[in-house]
Each structure stands twice: as structure tokens, then as C-alpha cells.
Amino acid sequence: MLYIGCHLSSAGGFQAMAETAVKIQANTFQFFLRNPRGGAAKDIDIKDVKNFQKIAQQNNFGKVLAHAPYTLNPCSKDLKTREFARQVFADDLQRMEHIPGNLYNFHPGSHVGQGVKIAIPQIVEILDEVMTEAKHTTVLLETMSGKGSEVGSTFEELAEIIAQTKDNALEKLGVCLDTCHVYSAGYDIINHLDEVLEKFDKIIGLQRLQAIHLNDSMTEFNSHKDRHEKLGQGSLGLEGIIRFVNHPALQGIPLNLETPNELAGYAEEIAMIKKNYQHD
Ligand code: FE
Ligand code: FE
Ligand code: ZN
């Protein structure tokens, strides 16, 4: 089963996102629970959520993916920033309980000179604390490109975060693989996809791969930059992206586009992926 969608504005609420998704032939989507810069979140409207769930059920949606604010940095040097991350994280996970059974993705953060050895236990400390709120939500660490001092650009770092968390967190933790980010981080999913997935399986475990961000990249392989491009217009290229989507080990995992597009562009990319999809 192919679950494909894109990042949508949450300004109009859940029902509006579901309707937009249906309009562009998507059967999943990604969204922010609050302003991506980390401002206050709107109150959840129960009726709006119910309407969303109805549309999702009628249209056989896969899991939807909430994205944490970009400003959330669980491994900042600054205690106040870490405290903010903890509060927003916990609050978001509580909100997610209104739409149980879905996914919440976050960037492990930037250590800004502290080094990974200090950063990872800080990320783990916050995870251990907030995961009690994630009763029916799977929390995903996103694979990062490694720009600046980003943590999580290697499978080893992600595995280390997961390994250090307490049991309560461990069960509900997964990974969201961003195709632009991993390619920029030096994992060649275009020419050596089997090897990369084997590595992922060995180091993290493929069962933890719960979501995919499907993006092309404006920058070359191993550039450690984070510049998304439209599918087929970047360094990954259309052929490799189609091979990726059709890989037997990746079936059933929701794919979300974060390409530089308006809705019409997303609709075109979704149609293109569907046309080239070789399973059922
Ligand atoms: Fe992201
Ligand atoms: Fe992403
Ligand atoms: Zn990115």
C-alpha cells in the first residue's frame, strides 16, 4: 500500500488539512501543531478532529505526521532553550492524544559546540521525561543532513539516542528518514540503496523506520547541506527516487513531500509517484 502526502498548512485545522489531502490525491499528510517557530498552539477543536478522523477513515489514510517546531533544540547549551524544548515537546504530545495512533517527528537538535557526547544525554533526558505523554503516539527522530552542529546525521548517533532512553520511551521511538538529508549526510540511497538499508537495519533496526520525507536535494551527495528540491530536479534524480519508493523493504511506510511546491506542484508529484508505483 502506498501512503503518500505532503506538508500542509494547519491554519484551517484538521478537517481542512484532510480535505486538502483528498483534493490532491494524498492519503497522509504532515503538519505543524503550532507555529513552526514555536509559538503558542491553538486549542484543539474536538469536532474538527472528529471530522478529520471521518475523512481519514473514508479515504483509507495512513498515519499522519506532526512535525515539532524548528526552534525546538533538546541539546542546546542554554538551559532555558532546553527547558522550552521540554515544555513544547510535552505539550505537543498531549495534543497528539486527541488523534491517537499517529506520529510526531522532531529534529534531535544542534549541540552548538558542546559535542555529541554531551548532547546525546541531554536529548535522552528530555525524551525520558516527555515520553510519558506519548501514550498513543510514536515519536520519530529525523535523520539530519549534518549541517552546522546537527546531531542525528549518522545512523550511529540516532541508535545511541535510542539505546540510552529508558524502557518507557524505547517502545514508542522510531526514525523518520529524510531522503534529502541522508543523501547530504553521505548515505548513497541512489546508487547503493540496498547497502544503506542494510546498514540502517544493522545499526538502528528497520522496524523503527516509521516515516519518510521524500525530497530531492539542491546540493550534491555528501554536501552536509539541507536544501530541498522538487522531485527529479535535484542531485538525487527521478529514477533513483522511484527506485527508492518501490524498494520492498520500504512498503507501507508513509511518505511525505517537503519539496519547494505549492499545492498544485505537490499534486503533480503525488500523481507522478503513483504512476510509477509498482506494487498493488
Ligand atoms: Fe524536519
Ligand atoms: Fe525533513
Ligand atoms: Zn530539510
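Points to keep in mind about this one:
- Pick from segment 184-217, criterion open to solvent by 20 Å² or more (accessible area, probe 1.4 Å) and within 16 Å of ligand 3 (Cβ to nearest atom), ranking: nearest to V64 (Cα to Cα): Y187
- E160 being away from ligand 2 (no atom under 13 Å from the Cβ), among the acidic types (D, E) and touching a residue at least 40 places away in the same chain (Cβ under 8 Å): yes
Residues are listed down the side, and each one gets a yes or a no for (1) among the basic types (K, R); (2) part of a strand (DSSP E or B); (3) within 16 Å of ligand 2 (Cβ to nearest atom):
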position: V175; (1), (2), (3): no, yes, yes
position: G186; (1), (2), (3): no, no, no
position: K202; (1), (2), (3): yes, no, no
position: H213; (1), (2), (3): no, yes, yes
position: L236; (1), (2), (3): no, no, yes
position: E239; (1), (2), (3): no, no, no
position: I242; (1), (2), (3): no, no, no
position: M272; (1), (2), (3): no, no, no
position: D280; (1), (2), (3): no, no, no
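Yes/no matrix, rows are residues, columns are (1) over 30 Å from G113 (Cα atoms); (2) acidic (D, E):
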| residue | (1), (2) |
| --- | --- |
| F155 | no, no |
| T165 | no, no |
| G174 | no, no |
| D178 | no, yes |
| D188 | no, yes |
| V196 | no, no |
| Q207 | yes, no |
| N256 | yes, no |
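- Residues that are away from ligand 2 (no atom under 14 Å from the Cβ) and out of contact with any strand residue (DSSP E or B) (no Cβ under 6 Å at 6 or more places or on another chain), drawn from segment 56-71: A56, Q57, Q58, N59, N60, F61, G62, V64, T71
- Which listed residue is surrounded by fewer than 22 Cβ atoms within 10 Å (Cβ to Cβ) and either of a type in the set (V, I, T) or within 16 Å of ligand 1 (Cβ to nearest atom) (or both), from T143, T179, T137, T165: T165
- Residue tally, condition crowded, with 16+ Cβ neighbours inside 10 Å and without any contact (Cβ under 8 Å) to a residue 12 or more places away in the chain, over segment 46-90: 1
- Per-region count, segment 4-45, residues open to solvent by less than 50 Å² (accessible area, probe 1.4 Å) and not small (G, A, S): 18
- Restricting segment 146-162 to residues that are among the β-branched types (V, I, T) and not in a helix (DSSP H, G or I), the residue that is surrounded by the most Cβ atoms within 10 Å (Cβ to Cβ) is V151.
The values are calculated or read from the model by the stated rules, or taken from the named source; none is laboratory data. Keep in mind it's a predicted model, so treat the numbers as computed, not measured. Glycine also receives a Cβ, built like all others from the backbone with ideal geometry; neighbour counts cover every protein chain displayed. Each accessible area value is taken on the protein alone, full model and side chains, heavy atoms only, with ligands, DNA and RNA left out. Shrake-Rupley method; radii C 1.70, N 1.55, O 1.52, S 1.80 Å.
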